[in-house]
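Input: a single structure, listed below in structure tokens.
The values are calculated or read from the model by the stated rules, or taken from the named source; none is laboratory data. Not measured: the values here are computed from a predicted model. Neighbour counts are summed over all protein chains in view; Cβ atoms, including those assigned to glycine, are modelled from backbone coordinates with ideal geometry.
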Amino acid sequence: MNNLKTVSVGLGLALTLGACSAPQRTLPDALSNAPTLSAQAVGGLEAGRRVSLRVVTPGFDNRFIRHANSLGFTEVVNAGSGDTLRSDASWDVVAGLADSSCFSFKSVNVGGQYLRHFNSRLRIDVLKSNDDLFKNDATFCAVAGLNGQAGTLSLASKNYPGRYLRHRNGELWLDTLSDNSFFKNDATWAVAAPFKAAGTVTPPQPPPGEADLSEPGKKDIAMQLVSSAENSTLNWRAKFGYIEDIGDGRGYTGGIIGFTSGTSDMLELVQRYTNNVPGNVLAKYLPALRRVDGSASHSGLDPNYTTDWRTAASDQRFQQEQESERDRVYFNPSVQDAKADGLRALGQFAYYDAAVVHGYDGMRSVRRRALARAKSPSQGGEEVAYLNAFLDERVIEMQKEAAHEDTTRIDTAQRVFLRAGNLDLNTPLNWKVYGDSFSIR
């Protein structure tokens with residue numbers, strides 16, 4: 001049974017105290033006098049806060065817990081340290097993944113990764129779907145500092161009773177309690193203000209070796225995937241001059257991602273092109289584009305707009321404007337949102353593809369509904385479960401419009417990758433859209 005009590009501690013934090021509910025075993029008498037949880041002895045942890053954890057061992061108390069190359073260490077950190085080190089030494093405290101009365105520690109700069117023990121070594125890893133072992137390995141219960149120092153704490157393993165997080169030789173280990181001052185000092189920690197404060201945190205980055213969608217190779221894959229659905233080809237660079245009315249109520253659809261005359265983005269594209277290249281062949285259509293915005297009308301555009309669009313597409317500057325507008329309006333904000341939600345390349349693509357079809361605001365609406373159904377990885381949820389919820393909501397959104405009722409760009413593409421566990425969009429990729437087969441090797 002857990003007895004909870006909230007007290008006020010240093011650094012402006014409130015502390016919710018709970019007796020560690022990990023299974024207990026009888027310790028030798030010499031070890032049975034370890035401090036127990038108490039409001040006076042434990043300081044500074046609360047789910048939802050960001051903290052740094054300082055060593056209290058005499059002579060080493062300028063060192064803090066940090067991760068490097070996925071492993072846990074202690075290192076000297078101060079306000080003058082580099083951004084990477086300060087971020088590595090800051091942690092978001094969340095309710096314990098295996099026991100909400102305990103705690104888990106999430107990296108602030110490596111998306112979706114938590115501190116856990118593995119073969120007694122502390123490291124950061126990505127939470128895998130339905131991995132109960134991981135959740136237990138990444139859950140630590142706060143107890144009064146083993147060395148008896150007021151305002152400190154020690155972190156007991158949830159699934160290995162009697163073992164505590166401690167430092168030795170600059171490394172973090174999970175070791176069995178020893179009744180001596182050396183161990184007790186090494187397994188005692190002081191909560192400090194985070195070196196990387198909330199609100200100034202470096203955007204979450206993908207795990208080492210797992211490129212995100214902004215990396216050029218991955219980005220090109222994203223463009224090919226979208227082009228397979230929008231233009232039935234992987235050669236997206238051949239589609240700068242594409243333009244037609246596809247009968248979806250949005251007027252003309254054109255370019256590499258389907259800018260439309262009825263939804264403002266084609267108007268914005270031509271306006272930016274004209275700002276940079278005055279007198280271009282499309283500039284004369286700006287008044288008409290403003291008038292038809294929000295409708296399916298071609299008024300003022302026919303009969304020569306499509307011909308002039310194709311002419312402009314041969315201008316490298318218009319091609320650059322298309323790519324720039326794509327990134328500004330759709331790609332960059334969608335990928336940024338996905339990273340903030342702790343998603344890897346597949347999730348980032350899912351957000352981007354939704355923005356292409358429904359607009360950025362439409363994607364955000366789908367995302368809000370998905371978050372009401374499942375927690376994102378950044379909220380402590382499972383990536384696969386959350387992406388399934390997002391794709392479910394995406395299908396519902398697509399089926400609201402006759403022009404988008406075919407959902408194969410999700411069912412036989414994105415879900416194929418998700419079921420295969422390919423969250424990083426690694427090649428080879430094989431998928432179908434509208435019955436056509438595609439592959440990237």
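Quick one: in region 224-239, which of the residues that are within 16 Å of residue 325 (Cα to Cα) and touching an Asp or Glu at 6+ places or on another chain (Cβ under 9 Å) is surrounded by the most Cβ atoms within 10 Å (Cβ to Cβ)?
Ranking the candidates gives 226 first.
Take region 213-268 and flag every residue that is among the charged types (D, E, K, R) and over 29 Å from residue 439 (Cβ atoms).
Quick first cut of region 213-268, residues among the charged types (D, E, K, R) only: 215, 218-220, 230, 237, 239, 244-245, 248, 250, 265, 268.
Those that are among the charged types (D, E, K, R) and over 29 Å from residue 439 (Cβ atoms): 245, 250, 265, 268.
Are any residues in region 302-332 within 13 Å of residue 285 (Cβ to Cβ) and of a type in the set (A, V, I, L, M), and if so, which ones?
312
Cβ contacts < 7 Å: first residue at positive phi, restricted to region 331-356; second residue hydroxyl-bearing (Ser, Thr, Tyr) and outside any loop (DSSP other than H, G, I, E, B), any location; separation 6+ or different chain. Result?
Final answer for the pair search is 342/378.
Run down 165, 127 and say which single residue is of a type in the set (A, V, I, L, M, F, W, C), buried (at least 20 other Cβ atoms within 10 Å of the Cβ) and modelled with pLDDT under 95. Quick ask: steps written out before the conclusion?
Numbers: 165 fails: modelled with pLDDT under 95.
Step by step, each of 165, 127 is checked, and only 127 is of a type in the set (A, V, I, L, M, F, W, C), buried (at least 20 other Cβ atoms within 10 Å of the Cβ) and modelled with pLDDT under 95.
Can we say residue 112 is touching a strand residue (DSSP E or B) at 6+ places or on another chain (Cβ under 8 Å), at positive phi and in contact (Cβ under 8 Å) with a residue 60 or more places away in the chain? Steps first, please.
Working: touching a strand residue (DSSP E or B) at 6+ places or on another chain (Cβ under 8 Å): yes; at positive phi: yes; in contact (Cβ under 8 Å) with a residue 60 or more places away in the chain: yes.
Criteria met by residue 112.
Where in region 92-165 are there strands (runs of 3 or more DSSP E), lying wholly inside it, with at least 3 residues that are under 15 Å from residue 72 (Cβ atoms)? Write out each step before concluding.
Working: elements: 103-107, 113-118, 121-126, 140-144, 153-157.
Once the strands (runs of 3 or more DSSP E) in region 92-165 are filtered for at least 3 residues that are under 15 Å from residue 72 (Cβ atoms), what remains is 103-107, 113-118, 121-126.
Can residue 344 be described as outside the structural domain of residue 98 (by TED's automatic domain parsing) and touching a Phe, Trp or Tyr at 6+ places or on another chain (Cβ under 9 Å)? Steps first, answer last, please.
Working: outside the structural domain of residue 98 (by TED's automatic domain parsing): yes; touching a Phe, Trp or Tyr at 6+ places or on another chain (Cβ under 9 Å): no.
Spelling it out, it is not the case that residue 344 is outside the structural domain of residue 98 (by TED's automatic domain parsing) and touching a Phe, Trp or Tyr at 6+ places or on another chain (Cβ under 9 Å).
Report the residue count in region 298-344 for those that are over 39 Å from the mean Cα position of the chain (by Cα) and among the hydrophobic types (A, V, I, L, M, F, W, C). Break it down stepwise before answering.
Keep residues of region 298-344 that are over 39 Å from the mean Cα position of the chain (by Cα), which gives 298-308, 311.
Then keep just the ones that are among the hydrophobic types (A, V, I, L, M, F, W, C); that gives 301.
Of the residues in that region, 1 qualify.
Check 396, 410 and return the single one that is in a helix (DSSP H, G or I), assigned by TED's automatic domain parsing to the domain that holds residue 229, more than 29 Å from residue 216 (Cα to Cα) and free of Cβ contacts under 8 Å to residues at least 40 places away in the same chain. If you could, list the steps in order and put the result at the bottom.
Details: 410 fails: more than 29 Å from residue 216 (Cα to Cα).
Step by step, each of 396, 410 is checked, and only 396 is in a helix (DSSP H, G or I), assigned by TED's automatic domain parsing to the domain that holds residue 229, more than 29 Å from residue 216 (Cα to Cα) and free of Cβ contacts under 8 Å to residues at least 40 places away in the same chain.
Run residue 373 past the list (1) loosely packed, with under 15 Cβ neighbours inside 10 Å; (2) more than 19 Å from the chain's Cα centre (by Cα) and report the number of the one that doesn't hold.
Result: residue 373 fails condition (2) only.
Just give me the residues in region 261-284 being of a type in the set (S, T, N, Q) and touching a residue at least 12 places away in the same chain (Cβ under 8 Å), in sequence order. Walk me through how you get there before you give the answer.
Pass one, region 261-284, residues of a type in the set (S, T, N, Q): 261, 263-264, 271, 274-276, 280.
Within region 261-284, 261, 263, 264, 271, 274, 276, 280 meet the criteria.
Six or more apart or on different chains, Cβ under 6 Å: which pairs go from a residue in region 46-64 that's at pLDDT 90 or above to one that's of a type in the set (Ser, Thr, Tyr) and part of a strand (DSSP E or B)? Could you list them?
Close Cβ pairs (under 6 Å, with a partner that is of a type in the set (Ser, Thr, Tyr) and part of a strand (DSSP E or B)) amount to 55/74; 63/74; 64/52.
Among the candidates 100, 87, single out the residue that is under 22 Å from residue 133 (Cα atoms) and either surrounded by 21 or more Cβ atoms within 10 Å (Cβ to Cβ) or at pLDDT 85 or above (or both). Before the answer, list the steps.
Numbers: 87 fails: under 22 Å from residue 133 (Cα atoms).
Every option except 100 fails the conditions.
Being small (Gly, Ala, Ser) and either touching a helix residue (DSSP H, G or I) at 6+ places or on another chain (Cβ under 6 Å) or surrounded by 15 or more Cβ atoms within 10 Å (Cβ to Cβ) (or both) is the filter here, so list the residues in region 389-412 that pass it.
Step one: filter region 389-412 for residues small (Gly, Ala, Ser), giving 389, 402-403.
389, the sole residue that qualifies.
Looking at region 413-423, which of its residues are crowded, with 19+ Cβ neighbours inside 10 Å and in a loop (DSSP other than H, G, I, E, B)?
The answer is 423, and nothing else.
Could you say whether any residue in region 61-68 is over 17 Å from residue 195 (Cβ atoms) and in contact with an Asp or Glu (Cβ under 8 Å, 6 or more places away or on another chain)?
Initially, region 61-68 is screened for residues over 17 Å from residue 195 (Cβ atoms), giving none.
The answer is no; no qualifying residue exists.
Return a yes/no flag: does region 304-327 have any residue that is at pLDDT below 95, hydroxyl-bearing (Ser, Thr, Tyr) and not in a loop (DSSP other than H, G, I, E, B).
Yes, region 304-327 contains a residue that is at pLDDT below 95, hydroxyl-bearing (Ser, Thr, Tyr) and not in a loop (DSSP other than H, G, I, E, B).
I'm trying to understand the selection: among the residues of region 409-441, which are under 23 Å from residue 248 (Cβ atoms), of a type outside the set (Phe, Trp, Tyr) and either in contact with a His (Cβ under 9 Å, 6 or more places away or on another chain) or modelled with pLDDT of 95 or more (or both)?
Matches in region 409-441: 409, 410, 411, 412, 413, 414, 432, 433, 436.
Would you pick out the residues in region 261-289 that are closer than 22 Å to residue 246 by Cβ and either part of a helix (DSSP H, G or I) or not small (Gly, Ala, Ser) (or both)? Reasoning before the result, please.
Step one: list which residues in region 261-289 are closer than 22 Å to residue 246 by Cβ, which gives 261-270, 282, 285, 288-289.
Once the filter is applied, which keeps residues that are closer than 22 Å to residue 246 by Cβ and either part of a helix (DSSP H, G or I) or not small (Gly, Ala, Ser) (or both), region 261-289 yields 263, 265, 266, 267, 268, 269, 270, 282, 285, 288, 289.
Could you please let me know if residue 359 is at positive phi, assigned to a helix (DSSP H, G or I) and not assigned by TED's automatic domain parsing to the domain that holds residue 130?
On the way: at positive phi: yes; assigned to a helix (DSSP H, G or I): yes; not assigned by TED's automatic domain parsing to the domain that holds residue 130: yes.
Answer is yes for this residue.
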